[in-house]
Amino acid sequence: MDTNTATPATTAAAKVTEATNRNILIEIVRNDTSKNSVARRAGIPLTTFSRKINGHADFTIRELGAIADALHVPLDSLFNLDSIKPKQMAA
């Protein structure tokens, strides 16, 4: 069995993760801060933060909440998925 085959659900989840990570990076720039500073304020080890922001693993909802707090933004702003078109979600 090929475990590397992406299903529509895993593809959609990957696109949501990518959009969320992009939104975090946008907020880091808007806040004129650094990944290191956000990771520290969120209580996430920098190596873990870097691995997750680069898409090698997913943030937990608790980590996303801590990141939102560190960036002084509402949690739901990190999930702004406007950049993903409905066709992309279905692909």
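The values are calculated or read from the model by the stated rules, or taken from the named source; none is laboratory data. In this text, all values refer to a predicted model and were calculated from it rather than measured experimentally. Quick reminder, even Gly has a Cβ in these numbers, built from the backbone with ideal geometry, and neighbours come from all protein chains shown.
Of the residues making up region 17-33, those that are more than 16 Å from His56 (Cβ to Cβ) and assigned to a helix (DSSP H, G or I) number 7. Within region 34-49, the set of residues being surrounded by 15 or more Cβ atoms within 10 Å (Cβ to Cβ) and not in a helix (DSSP H, G or I) comprises just one member, Ile44. On the given criteria, is Val29 at pLDDT 95 or above, β-branched (Val, Ile, Thr) and over 14 Å from the mean Cα position of the chain (by Cα)? For Val29, the condition - at pLDDT 95 or above, β-branched (Val, Ile, Thr) and over 14 Å from the mean Cα position of the chain (by Cα) - is met. The condition of being modelled with pLDDT of 95 or more, in a loop (DSSP other than H, G, I, E, B) and of a type in the set (Ser, Thr, Tyr) does not hold for Thr5. Could you tell me whether Pro86 is at pLDDT below 90 and either at negative phi or under 14 Å from the mean Cα position of the chain (by Cα) (or both)? Criteria met by Pro86. Scanning region 50-62 for residues that are surrounded by 14 or more Cβ atoms within 10 Å (Cβ to Cβ) and within 15 Å of Leu78 (Cα to Cα) yields Lys52, Ile53, Asp58, Phe59.
Of all residues in region 50-83, those that are part of a helix (DSSP H, G or I) and free of Cβ contacts under 8 Å to residues at least 24 places away in the same chain total 9.
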